[in-house]
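The values are calculated or read from the model by the stated rules, or taken from the named source; none is laboratory data. On a predicted model such as this, the values are computed, not experimentally measured, just so you know. Quick reminder, even Gly has a Cβ in these numbers, built from the backbone with ideal geometry, and neighbours come from all protein chains shown.
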Amino acid sequence: MWDITVGGSATQGDTSQSAIERELFEEIGVKIDMQSVRPHFTINFAVGFDDVYLIEKDIDIRNLKLQYEEVQQVKWATIDEIFQKLDEGVFIPYYKSLIQLFFDSRNKYGCQYK
């Protein structure tokens, strides 16, 4: 199924930032220093939480080094393309409103649109 770019778990001794750095490198071969970056969102669930980082970077996806066990294919997608894949049942079933929030919130922090 299609999913948001990178995901993974922190292990003992990790910070959220060191975990996302590791996962970015392991899954798609991208090195980004995240040590001074805060998550855009923290989403709580019954047995833990997800820190969500919205990273917008100009990357030539042909140069990515994919960890095949985790990522078989990558592509840039518009919000409409993601919504279509959600409707087709081939995207992890996130709330469309969450995907919309990600697109609306990229490049800024906080809960106001200005």
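Scan region 88-114 residue by residue and report those that are farther than 15 Å from THR5 by Cβ and either part of a loop (DSSP other than H, G, I, E, B) or in contact with a Pro (Cβ under 6 Å, 6 or more places away or on another chain) (or both).
GLY89, VAL90, PRO93, TYR95, ASN107, LYS108, TYR109, GLY110, CYS111, GLN112, TYR113, LYS114
Here are GLU69, GLU56: which of them is within 20 Å of GLU21 (Cα to Cα), touching a residue at least 40 places away in the same chain (Cβ under 8 Å) and either exposed (fewer than 13 other Cβ atoms within 10 Å of the Cβ) or in contact with an Asp or Glu (Cβ under 6 Å, 6 or more places away or on another chain) (or both)?
From the options GLU69, GLU56, the qualifying one is GLU56.
In region 32-87, how many residues are charged (D, E, K, R) and within 13 Å of ASP3 (Cα to Cα)?
Looking only at that region, the number is 4.
Select from region 41-86 the residues that are among the aliphatic types (A, V, I, L, M) and in a helix (DSSP H, G or I) and write down the one among them that is nearest to GLN112 (Cα to Cα).
ILE79
When ASP51 is evaluated against the numbered criteria (1) of a type in the set (Asp, Glu); (2) surrounded by 10 or more Cβ atoms within 10 Å (Cβ to Cβ); (3) modelled with pLDDT under 90, which criterion, by number, is the only one it fails?
(3)
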